[in-house]
1. Restrict the check to region 116-126 and report whether at least one residue is in a loop (DSSP other than H, G, I, E, B) and on the phi > 0 side of the Ramachandran plot.
2. Among the residues in region 349-371, are any assigned by TED's automatic domain parsing to the domain that holds Phe410, free of Cβ contacts under 8 Å to residues at least 24 places away in the same chain and hydrophobic (A, V, I, L, M, F, W, C)?
3. Among the residues in region 404-417, are any among the aromatic types (Phe, Trp, Tyr) and either on the phi > 0 side of the Ramachandran plot or at pLDDT 70 or above (or both)?
4. What number of residues in region 339-398 are part of a helix (DSSP H, G or I), under 34 Å from the mean Cα position of the chain (by Cα) and farther than 21 Å from Ile326 by Cα?
5. When region 240-272 is examined, which residues are found to be over 10 Å from Val72 (Cβ atoms), at pLDDT 85 or above and either of a type in the set (S, T, N, Q) or part of a strand (DSSP E or B) (or both)?
6. Please work out which one of (1) at pLDDT 75 or above; (2) in a helix (DSSP H, G or I); (3) under 24 Å from the mean Cα position of the chain (by Cα) is the condition Leu317 fails and give its number.
7. Can we say Leu97 is surrounded by 11 or more Cβ atoms within 10 Å (Cβ to Cβ), modelled with pLDDT of 80 or more and over 37 Å from the mean Cα position of the chain (by Cα)?
8. Quick check on region 158-177: of everything there that is in contact (Cβ under 8 Å) with a residue 60 or more places away in the chain and either under 27 Å from the mean Cα position of the chain (by Cα) or in a helix (DSSP H, G or I) (or both), which residue is surrounded by the fewest Cβ atoms within 10 Å (Cβ to Cβ)?
Amino acid sequence: MASRLKPKSLRGVGAENVKFALRSMVAQKLRSFLTLLGIVAGVATVISMVSFVVGFNNAVTDSFSSFGTTLVQFQKYEPRFGGGGPLPEDQKRRRDLTIEDAEALKTLGTLSRAVSQERYLNGTLSASTTVKTPEGREGSGPTICGTNPDYAPANNAFVKDGRFLVDADVRHSARTCIIGPELSEALFDKRDPIDREILVNGRAFRVVGLLEKKGSFLGGGADNILLMPISTFDELWPQIKNGGNDTIHIATVPKDPARMNDMMDQEVAILRARRGLKANQANDFAIFTSEGQVKSFQQITSGIAGAMILIASIALLVGGVGVMNIMLVSVTERTREIGVRKALGATRRDIAMQFLVEAVSLTGVGGAIGIAVGLGIPMLVKVAFDFPAAAPFWSVVLGFGVSTAVGLVFGLWPALKAAKQDPIEALRYE
């Protein structure tokens, strides 16, 4: 008889312990809720942070990739995020990059497919510049750039309708422009903008091209833009060309994407030679690459994620201590029950497993709730702010695994304490 009952007991012990743990949680709702808060907070924080970091990294990658993954851009100052405060003195002393530098890269470089000269309107000049139609419809703070025909291949910019700039536009300082879809909608609503007139600070320009939509990133976008010949730009704002500011950016892309680094090395050598830099002198210009900016952003998000995971770990530690305390209380409350079970033949292993399963069940429920909360928060953010938060499957598995591990670790001591109870003393406990 015993041999037939033993397998049944082994099969049923796990399920019975889980059921008992759940009944105990229902019976002690408030105590269980307070105990699980740390577990829920920790697991939810881990999953939410992973979702936000993955979404942010994807958005950054897509944003920079929209300008071409092989883009290499030279500029006067180092790239800075969010303004970055005052410029370092060594950068202030740098000489301007010039159109002649760009032409030298175009002429002497053998690996580049396009060399784009780009001058941007910024600061107070940008704020005071108006772009509107003769009827009075006005654009909302578009980016204004003077450039050449190589802008399109260098920046992965494609014309949806009309044409792009040509060499003749630059040679003759033509009053022609290409606009982005956001600016087009602001100025012309749903009408075709091609061959229509717009006024830039009161000067008439003819729209010859409409760019394809690129989308936005963290509130900024590449679709609210106006491109004009760089020669025309210099006629309208000569103070930018001669003002000693960050006057020109030179964007280049290789003929062969696999040789991007070779192209960059060649172009750096050309610029260093033109600027008379010695071998032991550092570059007096900045180099911007899409790959480099993506890595910089990922370092920032990794640091933020690390800090948040540390906070989540503290919450899990607090939750684990809470689980251990409630299980120790449970062991004390059920001392007589332990004595009865041992008197009926339960082994130390049976008692230990009972309390360990209860601890794991308790943290497992907390983990499940934490997963639901951790998935729900990114979904709400995605709907409310159109942010591409995405929780990978491994983060859900990690969250549940961590909560289970907390139950195992912090439930072990109470389980062993219960298993070591002397059955005689336990039966006498009141």
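The values are calculated or read from the model by the stated rules, or taken from the named source; none is laboratory data. It should be emphasised that the depicted structure is a prediction, and the values quoted were computed from it without experimental measurement. Cβ atoms come from the backbone with ideal geometry, glycine included; neighbour counts cover every protein chain shown.
1. We begin by selecting, within region 116-126, every residue in a loop (DSSP other than H, G, I, E, B); these are 121-122.
With on the phi > 0 side of the Ramachandran plot added as a condition, the list becomes none.
No, region 116-126 contains no residue that is in a loop (DSSP other than H, G, I, E, B) and on the phi > 0 side of the Ramachandran plot.
2. no
3. yes
4. Summing the residues that are part of a helix (DSSP H, G or I), under 34 Å from the mean Cα position of the chain (by Cα) and farther than 21 Å from Ile326 by Cα in region 339-398 gives 21.
5. His249, Gln266
6. With respect to (1) at pLDDT 75 or above; (2) in a helix (DSSP H, G or I); (3) under 24 Å from the mean Cα position of the chain (by Cα), Leu317 is out only on (3).
7. No, not satisfied.
8. Top of the filtered list is Arg171.
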